[in-house]
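Peer 1: Below are the C-alpha cells for one structure; questions will follow.
The values are calculated or read from the model by the stated rules, or taken from the named source; none is laboratory data. Predicted, not measured: the structure shown is a model, and the values here were computed from it. Here the Cβ positions follow ideal geometry from the backbone for every residue, glycine too, while neighbour counts run over all protein chains shown.
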Ligand code: AP5
C-alpha cells in the first residue's frame with residue numbers, strides 16, 4: 001500500500017447522505033468511488049437473467065446476493081482511478097460481504113483507514129428519500145427542498161433532466177431500512193472491534209457533515 005492513500009468506507013441507512021458526501025470526498029482526496037448501488041443499477045438495466053433478478057430485488061428494497069456484489073466490487077478495486085485509494089459507499093452490507101472484503105484487501109496488501117457511520121433517526125429519512133432528484137449520468141444528487149437545482153427539474157451543470165429512483169418511495173424505504181438495521185448496522189461492531197469506526201451526526205447540514213469527514217480523515 002502506498003503511503004498517503006485513503007481507503008475509506010461509508011455505512012449508513014438510505015438517505016443518510018452517503019452519496020452526497022461521496023461527491024466531495026472523492027474530489028478532495030482523489031480516490032475512486034466504489035458505489036455499490038450505482039454499479040448494481042447498471043447491472044439492473046440489462047435484460048439478462050441477472051439483470052432481471054437484480055432489478056426485482058432492488059425495486060423491492062431487498063439486498064442483492066452477496067456473490068454478485070462482491071464480484072463487482074472486486075473487479076472495480078483494480079481500476080487505475082483507485083491507485084490513490086478508494087471510497088466504499090454501500091458495500092459491505094452483510095457480515096459475509098465484510099469477510100469477503102477482508103480477503104480482497106488482504107490479497108492486495110491493502111488496509112482500510114477508517115469506517116464512518118452516518119447516524120440519523122429513521123424518522124428523518126422519508127422526507128429526504130421522497131424529495132430526492134438524481135442526475136444519473138454524473139451521479140449528482142439534489143433534493144426538492146434541501147438542495148434544489150437552480151432550474152427546477154434540471155441538472156445545474158448540463159441542464160439535462162433530473163429523475164427519481166424507482167426505489168425512492170415510502171413503502172420501499174421501509175424494507176430498505178429494515179434490511180439496514182438487521183444486516184448492515186451490526187457491521188459497526190465488526191469494524192469497532194478493529195478500532196476503525198467513526199460515528200457522525202448525519203442529521204446536520206451537508207457542510208457540517210463534510211467538516212466532520214475532514215476531521216476524521218485529516219491524518220490519513
Ligand atoms: P444504494 O443506491 O446504495 O442506496 P442506499 O444505501 O439505500 O442509499 P441512498 O443512495 O438511498 O442514500 P444516501 O445515503 O446515498 O443518501 P443521499 O446522499 O442520496 O442501494 C440501493 C439498493 O441497491 C439497495 O436497496 C440494494 O437492493 C442494492 N444494494 C446496494 N448495495 C448493496 C450491497 N452491498 N449488497 C446487496 N445489495 C446492495 O441523500 C438523500 C437525499 O437527502 C438527497 O436528496 C440529498 O440531497 C439529501 N441530503 C443529503 N444530505 C443531507 C443533509 N445533510 N441535510 C438535508 N438533506 C440532505
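Peer 1: Mind checking which residues of the range 129-159 are part of a strand (DSSP E or B) and within 10 Å of the ligand (Cβ to nearest atom)? Outline the logic, then answer.
Peer 2: Taking the range 129-159 first, the residues part of a strand (DSSP E or B) are 132-135, 140-143, 147, 154.
Those that are part of a strand (DSSP E or B) and within 10 Å of the ligand (Cβ to nearest atom): 132, 133, 134, 140, 141, 142, 143, 147.
Peer 1: Taking the condition at positive phi and more than 16 Å from the chain's Cα centre (by Cα), does residue 153 pass? Before the answer, list the steps.
Peer 2: Numbers: at positive phi: yes; more than 16 Å from the chain's Cα centre (by Cα): yes.
Spelling it out, residue 153 is indeed at positive phi and more than 16 Å from the chain's Cα centre (by Cα).
Peer 1: Checking the condition surrounded by 21 or more Cβ atoms within 10 Å (Cβ to Cβ), part of a helix (DSSP H, G or I) and within 11 Å of the ligand (Cβ to nearest atom), which residue from 21, 67 passes?
Peer 2: Numbers: 67 fails: surrounded by 21 or more Cβ atoms within 10 Å (Cβ to Cβ).
So the residue among 21, 67 that is surrounded by 21 or more Cβ atoms within 10 Å (Cβ to Cβ), part of a helix (DSSP H, G or I) and within 11 Å of the ligand (Cβ to nearest atom) is 21.
Peer 1: Look through the range 24-54, keep the residues that are part of a loop (DSSP other than H, G, I, E, B) and more than 16 Å from the chain's Cα centre (by Cα), and return whichever of them is surrounded by the fewest Cβ atoms within 10 Å (Cβ to Cβ).
Peer 2: First, pick out the residues of the range 24-54 that are part of a loop (DSSP other than H, G, I, E, B): 30-31, 45-48.
Subsequent filtering for residues that are more than 16 Å from the chain's Cα centre (by Cα) retains 30, 45-48.
Numbers: 30: 13, 45: 10, 46: 12, 47: 8, 48: 10.
If we take residues in the range 24-54 being part of a loop (DSSP other than H, G, I, E, B) and more than 16 Å from the chain's Cα centre (by Cα), then 47 is surrounded by the fewest Cβ atoms within 10 Å (Cβ to Cβ).
Peer 1: In the range 150-166, which residues are at pLDDT 95 or above and under 17 Å from residue 17 (Cα atoms)? Lay out the reasoning, then the answer.
Peer 2: If we filter the range 150-166 for residues that are at pLDDT 95 or above, which is where we start, we get 150-164.
Passing the criteria: only 164.
Peer 1: Has the range 83-94 got any residue that is at positive phi, surrounded by 14 or more Cβ atoms within 10 Å (Cβ to Cβ), touching a helix residue (DSSP H, G or I) at 6+ places or on another chain (Cβ under 7 Å) and not in a loop (DSSP other than H, G, I, E, B)?
Peer 2: Going through the range 83-94, the residues at positive phi turn out to be 85, 90.
Filter again for surrounded by 14 or more Cβ atoms within 10 Å (Cβ to Cβ), leaving 85, 90.
Then drop every residue that is not touching a helix residue (DSSP H, G or I) at 6+ places or on another chain (Cβ under 7 Å), which leaves 85, 90.
Next, only the ones that are not in a loop (DSSP other than H, G, I, E, B) stay: 85.
Looking through the range 83-94, at least one residue is at positive phi, surrounded by 14 or more Cβ atoms within 10 Å (Cβ to Cβ), touching a helix residue (DSSP H, G or I) at 6+ places or on another chain (Cβ under 7 Å) and not in a loop (DSSP other than H, G, I, E, B).
Peer 1: Give the number of residues within the range 169-185 that are under 23 Å from residue 116 (Cβ atoms) and either free of Cβ contacts under 8 Å to residues at least 40 places away in the same chain or away from the ligand (no atom under 11 Å from the Cβ) (or both). Walk me through it before giving the result.
Peer 2: Initial filter on the range 169-185 (under 23 Å from residue 116 (Cβ atoms)): 173, 176-185.
Now drop any that are not either free of Cβ contacts under 8 Å to residues at least 40 places away in the same chain or away from the ligand (no atom under 11 Å from the Cβ) (or both), which leaves 178, 181-182, 185.
Residues meeting the conditions: 4.
Peer 1: Could you identify the single residue in 77, 57 that is more than 17 Å from the chain's Cα centre (by Cα) and surrounded by 14 or more Cβ atoms within 10 Å (Cβ to Cβ)? Talk me through it step by step, then tell me what you get.
Peer 2: Details: 77 fails: more than 17 Å from the chain's Cα centre (by Cα).
Result of the check over 77, 57: 57.
Peer 1: Please work out which residue is nearest to the chain's Cα centre (by Cα), limiting yourself to the range 95-128 and to residues that are assigned to a loop (DSSP other than H, G, I, E, B) and within 13 Å of the ligand (Cβ to nearest atom).
Peer 2: Filtering the range 95-128 for residues assigned to a loop (DSSP other than H, G, I, E, B) gives 108-113, 120-121.
Still in the running and within 13 Å of the ligand (Cβ to nearest atom): 120-121.
Values: 120: 15, 121: 18 Å.
Ranking the qualifying residues of the range 95-128, first place goes to 120.
Peer 1: If a residue must be touching a residue at least 12 places away in the same chain (Cβ under 8 Å) and within 12 Å of the ligand (Cβ to nearest atom), how many such residues does the range 186-206 contain?
Peer 2: 6
Peer 1: Quickly run through the range 148-168 and pick out the residues that are surrounded by 15 or more Cβ atoms within 10 Å (Cβ to Cβ) and touching a helix residue (DSSP H, G or I) at 6+ places or on another chain (Cβ under 7 Å).
Peer 2: If the condition is that a residue be surrounded by 15 or more Cβ atoms within 10 Å (Cβ to Cβ) and touching a helix residue (DSSP H, G or I) at 6+ places or on another chain (Cβ under 7 Å), then 167, 168 are the ones that fit.
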